[in-house]
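For reference, the structure is listed below as structure tokens.
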Amino acid sequence: MAAGYSYAEPRTSARGRGLGLVWSRRGRYLAAAACVALCGFALMPIILAVLASFKSTEAAAATPPTYLPDGLNLAGYQKLWNFQLGLPTYLFNSLGTAALAIGLSLAVTIPAGYALARFPIPFKEVVFVFLLLGLIIPYQALLTPVFLMFSQLQLTNTLLGLAIIHTHIQLPFSLYVMRNSFEAVPRELDEAAVIDGASSWQVLVRVFLPSVRPAVITVALFAFITSWNEFLGALVMMNRGSSFTFPLVLWTNRATTSLGGTDWGVLQAGVTISIVPCVLFYLLLQRYYVSGLTSGAVK
């Protein structure tokens, strides 16, 4: 009996392991298929927009719509390039505003996050939660008083004024990321630097900033995307064509087409151009993205 049992059990275990391996492989295939389907579902609007940007005006507005262009038609890109003051002017305005927003976000949140993480500030947690309340206050509700204040300060129709608004939108989230990242750095590092005679500023620059580089890049990435895509603040603050950002140009182009119609080829060309910097920025920095978001989450 014992011998029979000892021979039967390995065969049963091997069969069970084989079935488990088969189901494990099927599970991986099903998960991969689901991921591919979700990626295809998410990418389909982008692919259709890119294809529509190469259509002629008539083909882009055809009913029923055609999904594939007849040929490589660059008329939409040419019209957008020559629209009003020219596309380079508006791209420069958007990129300049985004660069200022990145600089202001980092200049404010790095020292603030460092202080909230490392210095014995009274009621530090209360101050931190109070600063995060900006996440629940929509910036659209503040645009009217901000516009009146900026008018007195002569910051309307300026890239700096618009960058300040974009920094305000991004500030609570950026502070949250930076503070958690600074707290995740082992205290032994800054204690050793202080023992060696380093000042607080030297500890921040030489010890902390190299350690929280993923968080800095994450803040810069979010600040760029927020500034690049923001529309309402630019619409309120900018009323001079030479100061328009790229989203405003797309809206203006759509509103000024002849006979009240929309040139969908030009509009989709603008959508395609607006996607490219965000995708490139993300692909270049994606290896820092997840680590920057999750730093400080687990201690």
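Observations, loosely collected:
- Among (1) 1.01; (2) 1.40; (3) 1.27, the entry derived from the coordinates for Cα Rg over 2.2 N^0.38 Å: (2)
- Along the range 113-119 the Karplus relation, 6.51 cos²θ - 1.76 cosθ + 1.60 evaluated at θ = phi - 60°, assigns HN-Hα couplings of x, 5, 5, 5, 8, 10, 9 Hz to successive residues, with x for each Gly and Pro.
- The phi torsions of the range 151-164, fed into the Karplus equation with coefficients 6.51, -1.76 and 1.60 and a -60° offset, translate into couplings of 5, 5, 8, 6, 9, 6, 6, 10, 5, 5, x, 5, 5, 5 Hz, rounded to whole numbers, with Gly and Pro shown as x.
- For the listed peptides 108-115, 97-104, a ranking on the average number of other beta carbons within 10 Å per residue, highest first, reads 97-104, 108-115.
- With helices as the sole contributors, the chain gives -24000 deg cm²/dmol at 222 nm; each DSSP H run of n ≥ 4 counts as -39500 (n - 2.57), and the sum is divided by every residue.
- When the chymotrypsin sites (Phe, Trp or Tyr not before Pro) in the range 198-274 are filtered for DSSP coil states and for at most 16 other beta-carbon atoms within 10 Å of their beta-carbon, the remaining sites are PHE231.
- Whether the range 102-192 is rounded, prolate or oblate, judged on the alpha carbon gyration tensor where a/c under 1.5 counts as rounded: prolate
- Label-point gap, in nm, between PHE92 and ARG206 - each point 7 angstrom along Cα→Cβ: 4.1 nm
- Taken about its Cα centre, the chain carries a charge dipole of roughly 840 debye when the Cβ of each Lys and Arg holds +1 and the Cβ of each Asp and Glu holds -1.
- Think of the chain as having a plus end and a minus end, set by charges on the Cβ of Lys, Arg, Asp and Glu; of GLY103, VAL129, THR144, VAL129 sits farthest toward the positive end of this dipole.
- Farthest toward positive dipole pole in the range 75-294 [+1 Lys/Arg, -1 Asp/Glu at C-beta], among LEU153, ASN82, ILE169: ASN82
- Karplus (6.51, -1.76, 1.60) ³J(HN,Hα), θ = phi - 60°, over the range 232-249, in Hz, Gly and Pro reported as x: 5, x, 5, 5, 6, 7, 10, 10, 10, x, 5, 9, 5, 8, 4, x, 5, 5
- Projecting the Cα atoms of GLY40, ALA62, GLY197 onto the dipole axis of the chain, where Lys and Arg carry +1 and Asp and Glu carry -1 at the beta carbon, places GLY40 farthest toward the positive end.
- Separation of alpha-carbon centers, the range 148-167 and the range 26-45, rounded to whole Å: 44 Å
Taken together, the values in this text are just the output of simple stated rules run on the coordinates, not laboratory data. Since we're looking at a predicted model, the values are computed, not measured. In this analysis, Cβ positions are derived from the backbone assuming ideal geometry, glycine residues included, and neighbour counts consider all displayed protein chains.
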